[in-house]
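The values are calculated or read from the model by the stated rules, or taken from the named source; none is laboratory data. Only a predicted model underlies this, so the values are computations on that prediction, with no experimental measurement involved. Ideal geometry is used to build each Cβ from the backbone, glycine not excepted, and the neighbour counts take in all protein chains shown. All accessible areas refer to the heavy atoms of the entire protein, side chains included, with ligands and DNA or RNA removed. Shrake-Rupley method; radii C 1.70, N 1.55, O 1.52, S 1.80 Å.
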Amino acid sequence: TKALDGLSGTVHAAGAPLATWHDLAGATVEEAARVAGKAPIPVDPISTAEYPTPARRPARVELDMASSLARFGLAPFDWRTSLAEVVRRRIG
């Protein structure tokens with residue numbers, strides 16, 4: 001489209017609000033339980049040190065999408081809405 005003429009480069013996009021892996025896991029379990037009509041099970045957080053991987057990971061990483069959103073005139077989407085849709089499609 002004309003709005004994208006002359007634009008190039010890497011664009012980052014992710015949902016909002018910021019979330020940890022624990023937030024994502026907890027929300028997934030809660031939504032799956034809701035769709036299945038069952039009680040959710042607890043998801044206990046652990047530290048990065050408690051989940052060793054071959055790759056070194058920073059303690060906290062946040063994706064700053066301000067320039068990408070402004071560049072395309074977009075607003076961040078709520079990842080929980082997309083998660084709920086995926087869970088409904090897989091379970092429901």
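Where does helix 79-91 land angle-wise versus the long Cα axis of the chain, in degrees 0 to 90, nearest 10?
50 degrees
Output the relative contact order of the chain, whole-number percent, from Cα pairs under 8 angstrom with separation of 6+ residues.
Working: 58 pairs, mean separation 41.8, N = 92.
After rounding, I find 45 percent.
List the residues of the stretch 20-59 whose backbone N lies under 19 Å from a point placed 7 Å from the Cα of Val86 along the Cα-to-Cβ direction.
It comes to 20-36, 41, 43-44, nothing else.
Taking every pair of distinct Cα atoms and averaging 1/r, then inverting, what Kirkwood hydrodynamic radius in Å comes out for the stretch 16-92?
Working: mean 1/r = 0.0674 Å⁻¹.
Evaluated over the stretch 16-92, this radius sits at 14.8 Å.
From largest accessible area down, sort Leu74, Leu69; use a 1.4 Å probe on the protein chains.
On the way: Leu74 105, Leu69 35 Å².
Correct descending sequence by accessible area is Leu74, Leu69.
Return one number: the angle in degrees, 0 to 90 and rounded to the nearest 10, between the long axis of the Cα atoms of helix 21-36 and the longest principal axis of the Cα atoms of the chain.
70 degrees
Along Cα→Cβ, 7 Å out, is where each label goes; now give me the distance between the ones at Ala13 and Ala70 in nm to one decimal.
Once both label points are built, they end up 1.9 nm from each other.
Determine, for each peptide in 47-54, 61-68, the mean count of other beta carbons within 10 angstrom over its residues, then list the peptides with the highest first.
Working: 47-54: 7.9, 61-68: 10.9.
Taking the mean over residues of other Cβ atoms within 10 Å, the ranking is 61-68, 47-54.
For Ala16, enumerate residues with amide H under 5 Å from its amide H, sequence gap 5+ or separate chain, H modeled in the peptide plane.
Phe77, Asp78, Trp79
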